[in-house]
Amino acid sequence: MLLLLALLGVAMNLVSLTPQRSQDTMAASATFPNVQCWVFNVEFMNCTWDSSSGPQSTNLTLYYWYRDPPKECSQYLFAGAITSGCWFGREDIDIYNNFNVELRAPGRHFKQEMKLQDLVIPWAPDNLTVYSVNDSQLELKWASSYKATCLQHLVQYKSDIDSSWTEQYVHQRQQFGLPSVDEHKLYTFRVRSRFRPYCGNAQQWSQWSPVVQWGGRRPRERPSLPVLETVLVPLGLLTGFIFLITMLTRLERVWVVLMPRIPSLNSLDDLVTTHQGNFSTWSGVSKGLAESLQPDYSERLCHVSELPQKAGAQSEGSGGSPCSQHNPYWAPPPCYSLDPEP
């Protein structure tokens with residue numbers, strides 16, 4: 001009986017101690033912040049925590065391990081003077097083994113376990129290029145800094161008349177084909193990557209690659225330009241032709257007025273019978289033009305007469321002409337020549 005009572009007392013003590021330990025563990029988890037780790041392209045890793053939610057005025061220390069004994073962080077990150085994280089190099093990363101971390105403070109600690117293959121963030125794709133395969137198909141290619149078999153990609157594209165992006169998933173391959181494109185539209189492309197389930201169940205995407213564009217060779221805002229060319233060019237040619245015909249007609253009229261008709265042997269009878277020998281009327285030369293061709297100067301007639309010689313007048317020389325002798329007291333009459341009578 002005494003033995004039974006002793007065993008019952010021990011059992012009651014164990015029951016009373018178990019809830020106390022559970023409460024201590026819950027209290028520790030409530031006072032310590034969560035540790036969040038991200039593996040960047042399997043080149044380095046950051047594990048950070050919210051230093052404002054942990055024990056104040058005390059720097060928390062972080063210990064980590066895979067299967068080996070725990071090691072303290074060798075390169076802390078700080079928020080002011082308080083530790084807020086730890087930086088890990090490539091040599092400290094083993095993404096396919098469970099990663100254990102433990103935050104410690106004096107008299108308290110909190111442990112976490114995580115799978116690093118689900119926490120990988122690759123770098124953004126680079127060297128994004130686009131080119132036309134034919135008149136209606138585009139090919140988009142890019143490069144990744146991590147092995148392609150572990151990555152899936154999200155391609156987004158839109159044209160200049162689209163209001164939202166169109167998305168397409170691409171697995172392993174680093175290229176994407178877009179059929180049925182319009183060269184008059186301006187297309188914009190961008191790509192981002194993440195670990196695919198073959199290598200891990202990562203949900204975090206990389207940043208977007210720089211955008212690349214194709215197309216927009218002729219602006220769609222000017223559809224009337226070909227119409228203007230079709231209308232204005234023929235209209236200009238027609239106007240020039242009409243102007244040329246008008247000028248030729250005027251020149252022909254002037255030529256007819258200025259240039260008299262050249263007589264032919266068959267039309268000489270008409271000149272004699274109908275126009276009584278009037279060449280101007282027969283040739284079609286206007287009266288005003290004929291008068292304008294008449295000389296506008298007059299010649300003074302020189303009247304020559306032979307005067308009898310005066311008595312006592314001595315002639316100088318032989319055969320002197322009276323018209324060649326000048327007397328200051330006698331003005332000779334106008335000279336004219338007379339044909340000698342037979």
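For this structure, a couple of remarks:
- Residue that is among the β-branched types (Val, Ile, Thr), modelled with pLDDT of 90 or more and over 23 Å from residue 105 (Cβ atoms), where the choices are 10, 39: 39
- Residues in the range 157-174 that are closer than 15 Å to residue 144 by Cα and in contact with a Lys or Arg (Cβ under 7 Å, 6 or more places away or on another chain): 171, 174.
- Listed by position, the strands (runs of 3 or more DSSP E) enclosed by the range 82-198 that each have at least 3 residues that are open to solvent by 60 Å² or more (accessible area, probe 1.4 Å) and on the phi < 0 side of the Ramachandran plot are 108-114, 126-134, 166-171.
- Matching residues, the range 175-199, being of a type outside the set (Phe, Trp, Tyr) and more than 15 Å from residue 144 (Cβ to Cβ): 177, 178, 179, 180, 181, 182, 183, 184, 185, 186, 188, 197
- Pick from the range 47-81, criterion among the aromatic types (Phe, Trp, Tyr) and in contact with a Ser or Thr (Cβ under 8 Å, 6 or more places away or on another chain), ranking: least open to solvent (accessible area, probe 1.4 Å): 49
- Screening the candidates 226, 234 for the property of being modelled with pLDDT of 65 or more, not in a loop (DSSP other than H, G, I, E, B) and not assigned by the TED database to the domain that holds residue 167 yields one hit, 234.
- Among the residues of the range 205-221, those that are assigned to a loop (DSSP other than H, G, I, E, B) and open to solvent by 80 Å² or more (accessible area, probe 1.4 Å) comprise 207, 210, 211, 217, 218, 219, 220, 221.
The values are calculated or read from the model by the stated rules, or taken from the named source; none is laboratory data. What you see is a predicted model; the values in this text were computed from it and never measured. No Cβ is skipped: glycine too gets one built from the backbone with ideal geometry, and neighbour counts run over all protein chains shown. Ligands, DNA and RNA are excluded from the accessible area calculation, which covers all protein heavy atoms including side chains. Shrake-Rupley method; radii C 1.70, N 1.55, O 1.52, S 1.80 Å.
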